[in-house]
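Have a look at the structure below, then the notes.
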Amino acid sequence: MRCRTCLASFSLTFCSMVSLLVAATPVTAQLQAEPAAGVIQETVDVEVVNIDVHVTNRQGEPVTGLELSNFQVFENGERVQPVNFYEVVREDPDATAPIWLVLYLDQHNLLSANRDRALAELEVDLPTVLEDRRVRIMVAAHDQEPRVVQNFTRNWGAIRGALNGLKGQETVGDQRDGLRQSAQLSVTDIFHRMRSRDRLDRQNAGLAIDALLGEMRTYAREVYNDSEASFEALGNFVRTLAWLEGRKALVFVSDGIAERPLGTLMEHVQDLLTGGASDAGALVERAGGGQAGGAPGTGGVFDRDASMEVGRLQQEVEQFRATATIQAIVAEANTYGVTLFAAKPPPGDAATSARRSRGRGALMEVSDRREALHSLAEGTGGFGRTGGGRLTGVLAQAVGGMQSYYSLGLSSANKVEGEFTSIEVRVRGVRGASADYRRSYVKKGVRSRISERALAAAYVGESDNPHRMEVNVDAIMPVEGEDLFDVQMWIEFPISSVELVEIEGVHRSATRLVVVAMDDDDELTAAQHLEVPLEVPAEALAAALESHYRAGLRIRLPGGRHRIALGLWDQAARSGSVLTDALTVGG
């Protein structure tokens, strides 16, 4: 999902036209008019951040009946006092908040055979999970871009149909697997030759080192590019869940992503080249006979020259670490209340394993592809099932954590938008208890939240419209000399659907509109904001509450199919709506 910048200029008064121009090409500036005098502005965006804590005993069973005194909470290492606290239990008849469960198939890093095996095992849980009527299930897949295979539903037939439709299809992982194995084997074959008992003279040792380090550099770049594509897709998809209210779980099904390319192999290479490995000392032979300089068994000529080469390679490889990217995804997932669960498919049958043993063994020696899965899951309060066992039970366990938990409300009034906060929760007075919770969050203001909600709605094509917004296209006009079109549309909503606050005899609304458009290539315009300075004199209030607010929007778009998303946020009522509509521009 890509985003292009755009230019917006507009003015807005009660029941007047808004002119919003979205440029089709990137520009360097973005203009926004000052709010009209007297318009109520938000002074505090999001006052309370809720940290949901799932507490279990040694047997993995939920621990209920705890009080606030059983918890200690720390922000950035300093203890803070929650401003509110409550417990939710599975049997609570008042627990009506939806539970949104996403099955996300990372087909960029999944072999089709492993994907099919994972789906067959995860599918066993679904009828049980759907017994909780709060649960809604989505099926999504990442190939070149993330896509929704089946939108949120409780319809078991639709869910099963989506899963069956994926089974048997080739994955990007299948297509890239041969390239990955070739690169892995190029590295490991040289490495194994150097570790062999054959003595190498000084010249051959140098050539072998150069070949090894060159292959490692190439492999590190390949892995990094693959990993970044996967992490970017996951981060984009997590943001699409921002618009949902309620508990959110994303089960990330993958063969793994390398967080540290060459991480495991680098340790072996250091031992090999500097003499740390027990068999490294016999690799180099001095021209006059015997081992090269240095103490016996230390690797001789490798000690200084090769050690410097390895040091330089380590510095190069550091830029390929995905740790910071993972931390950013975790922080965003925590901010949006999305808990990630990692599921790595179990190994295949004996014949498949034997056929692939050489390549898969090389993979584990080059880099650990499970480390990132655990970092993503544990940082958001989830768990990783990556040990090669069956995946049956994963979905039930994930949803179980959404059904029984404690909610600790933390004040964020003293934080600025975009500020990162780390969280630690300690449970006291319960022997052997463990707690799962999100370990960080980034404060998001109203402007950011409604933008993300509109972008998410455009991406998944969902509407959530309690304000009863309506959009009508009035005209589509070609722009002379350009392959662009001006789309004239009208947006309206009942004035009674927003909250009006009386100040000195005038009833005012602190309402914000946002608009985005997305084309068939998933290219999004930047979200553009409009203040709605809605002001109604006291004597006109009764009539106004029976009428609609109406504004015109002019959007400049290239030809083709688009999805328009409009978002509305009522600051006084702290409620919002999103509305999506399909639009074809030009022939």
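So that you can scan it fast, the table gives a plain yes or no per residue for (1) outside any loop (DSSP other than H, G, I, E, B); (2) touching a Cys at 6+ places or on another chain (Cβ under 8 Å); (3) modelled with pLDDT of 90 or more:
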site: V49; (1), (2), (3): yes, no, no
site: V55; (1), (2), (3): yes, no, yes
site: A97; (1), (2), (3): no, no, no
site: L110; (1), (2), (3): no, no, no
site: N114; (1), (2), (3): yes, no, yes
site: R117; (1), (2), (3): yes, no, yes
Where residues in the stretch 507-524 are farther than 30 Å from R574 by Cβ and part of a strand (DSSP E or B), which of them is least open to solvent (accessible area, probe 1.4 Å)?
-> D519
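So that you can scan it fast, the table gives a plain yes or no per residue for (1) open to solvent by 50 Å² or more (accessible area, probe 1.4 Å); (2) of a type outside the set (A, V, I, L, M, F, W, C); (3) within 28 Å of P347 (Cβ to Cβ):
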residue	(1), (2), (3)
P82	no, yes, no
Y86	yes, yes, no
I99	no, no, no
V102	no, no, yes
L105	no, no, yes
L111	no, no, yes
N114	no, yes, yes
Among helices (runs of 4 or more DSSP H) entirely inside the stretch 311-389, those with 1 or more residues being open to solvent by 20 Å² or more (accessible area, probe 1.4 Å) and at pLDDT 70 or above are 323-335, 371-379
Scan the stretch 388-404 residue by residue and report those that are within 21 Å of T56 (Cα to Cα) and more than 23 Å from the chain's Cα centre (by Cα).
-> T392, G393, S404
Taking only the stretch 121-148 into account, find how many residues are at pLDDT below 90, within 24 Å of V238 (Cβ to Cβ) and open to solvent by 40 Å² or more (accessible area, probe 1.4 Å).
-> 4
What residue, among those in the stretch 223-233 that are closer than 18 Å to E371 by Cα and surrounded by 16 or more Cβ atoms within 10 Å (Cβ to Cβ), is modelled with the lowest pLDDT?
-> V223
Would you check if there is a residue in the stretch 167-180 being modelled with pLDDT under 90, of a type in the set (D, E, K, R), open to solvent by less than 20 Å² (accessible area, probe 1.4 Å) and in a helix (DSSP H, G or I)?
-> yes
Take L545 and decide whether it is at pLDDT 85 or above and aliphatic (A, V, I, L, M).
-> yes
Got a number for residues in the stretch 462-506 being closer than 22 Å to R554 by Cα, of a type in the set (S, T, N, Q) and not in a loop (DSSP other than H, G, I, E, B)?
-> 2
If you take the residues of the stretch 48-79 that are under 28 Å from the mean Cα position of the chain (by Cα) and of a type in the set (V, I, T), which of them is most open to solvent (accessible area, probe 1.4 Å)?
-> V48
Odd one out for L213, checked against (1) modelled with pLDDT under 65; (2) of a type outside the set (D, E, K, R); (3) touching a helix residue (DSSP H, G or I) at 6+ places or on another chain (Cβ under 7 Å) | (1)
Quick check: anything in the stretch 264-282 at pLDDT 60 or above, open to solvent by 10 Å² or more (accessible area, probe 1.4 Å), among the acidic types (D, E) and under 27 Å from T153 (Cβ atoms)?
-> no
Here is a list of conditions, (1) open to solvent by less than 40 Å² (accessible area, probe 1.4 Å); (2) at pLDDT below 85; (3) of a type in the set (S, T, Y), and S463 meets all of them except one; can you say which number that is?
-> (1)
Would you check if A510 is within 30 Å of D143 (Cα to Cα) and under 33 Å from the mean Cα position of the chain (by Cα)?
-> no
Which of the residues belonging to the stretch 61-79 are touching a residue at least 24 places away in the same chain (Cβ under 8 Å) and not in a helix (DSSP H, G or I)?
-> P62, V63, T64, L66, F71, Q72, V73, F74, E75, N76, G77
Set L500, L541: member being of a type outside the set (G, A, S), in contact with a Ser or Thr (Cβ under 7 Å, 6 or more places away or on another chain), open to solvent by 10 Å² or more (accessible area, probe 1.4 Å) and at negative phi = L500
Scan the stretch 390-437 residue by residue and report those that are over 30 Å from R117 (Cα atoms), of a type in the set (K, R) and open to solvent by 40 Å² or more (accessible area, probe 1.4 Å).
-> R426, R428, R431
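The values are calculated or read from the model by the stated rules, or taken from the named source; none is laboratory data. Predicted model, so just to flag it, every value in this text is computed and none were measured. Please note: Cβ atoms are built from the backbone with ideal geometry, for glycine as well, and neighbour counts cover all protein chains shown. Areas reflect the complete protein model, heavy atoms only, side chains present, ligands, DNA and RNA absent. Shrake-Rupley method; radii C 1.70, N 1.55, O 1.52, S 1.80 Å.
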